[in-house]
Amino acid sequence: MIQVQDLCKTYRMGEIEVPALRGVSFSIGSGEFVAIMGPSGSGKSTFLNIVGGLDRASGGEAWFEEHQLTSLTEAQLTRYRRDHVGFVFQFYNLVPSLTARENVQLVTEIARQPMPADQALALVGLSDRADHFPAQLSGGEQQRVAIARAIAKNPEVLLCDEPTGALDSTTGIKVLEALTEVNRAVGATTLVITHNAAIRDIAD
Ligand code: ADP
């Protein structure tokens, strides 16, 4: 589903060049659940952002099915993200003045083939929290709302950048389990950056 060949990314800050990716090759098949692990600063987020169409490579190629991401225009990248990719970040990025259901509906209202918001919340075990505001939810629950929001548009690809980074390890495991449930139920190809060691027993 995703193929990456010799991917390079160099950030330029004035005179200083930071090589974040130096020739990364990678592939992930449809429906797979893959974990990316490694020390801080090793380029994990940079890699995920390029695969998710949030950032551009300096060299090499990245493909999503028959689309060469590394040659798309900004507008095409925006459409790729909107139509095909779900994102989950470390800090949940929920809208505080909206309930869990309304946060998910922000996405289902603009998606092409969304699932009902309540179905997405049920998939992450939060049916009984749909009317709660983010401040009324624990960190792990807020992250599960963010996962529901990411999958409600039925994305082919689900990209998670340290989804457990702000959680204690037990709560983190619950979030990882919610991700595997979703991966199984929806079939979204899933890439997760995490430091939670439990991923070793969970991921493909
Ligand atoms: P990781 O996710 O593994 O912690 P990152 O992809 O965030 O690693 O960063 C890889 C390297 O690129 C680091 O040295 C980081 O400082 C640098 N970097 C990341 N983003 C930027 C940016 N926007 N501008 C300049 N340097 C960056």
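Where a number appears in this text, it was derived from the coordinates with a stated rule and is not lab data. These figures come from a predicted structure and were not determined experimentally. In this analysis, Cβ positions are derived from the backbone assuming ideal geometry, glycine residues included, and neighbour counts consider all displayed protein chains.
Amide hydrogen proximity for residue 86: with H placed 1.01 Å from N in the peptide plane, the residues at 5 or more positions away or on another chain lying under 5 Å are 157, 158, 159. Positive-end ranking of 145, 198, 171 along the dipole of the chain, with charges on Cβ about the Cα centre, is headed by 145. Based on the Kirkwood radius over alpha-carbon pairs, what is the Stokes-Einstein translational diffusion coefficient of the chain at 25 °C with 0.890 mPa s viscosity, in µm²/s? D = 142 µm²/s.
Decide, for the range 1-78, between rounded, prolate and oblate: order the square roots of the alpha carbon gyration tensor eigenvalues as a ≥ b ≥ c, take rounded if a/c falls under 1.5, and otherwise choose prolate if a/b is larger than b/c, else oblate. In terms of gyration-tensor shape, oblate.
A simple charge model with +1 on the Cβ of Lys and Arg, -1 on the Cβ of Asp and Glu and nothing else charged puts the dipole of the chain at about 180 debye relative to its Cα centre.
In percent, what relative contact order does the range 1-141 have, based on Cα pairs under 8 Å that are 6 or more apart in sequence?
So the answer I get is 19 percent.
Farthest towards the positive end of the charge dipole of the range 66-150, among the residues 76, 98, 115, is the Cα of 76, using unit charges on the Cβ of Lys, Arg, Asp and Glu.
Computed from Cα positions, the angle between helix 169-186 and the longest principal axis of the chain comes to roughly 90 degrees.
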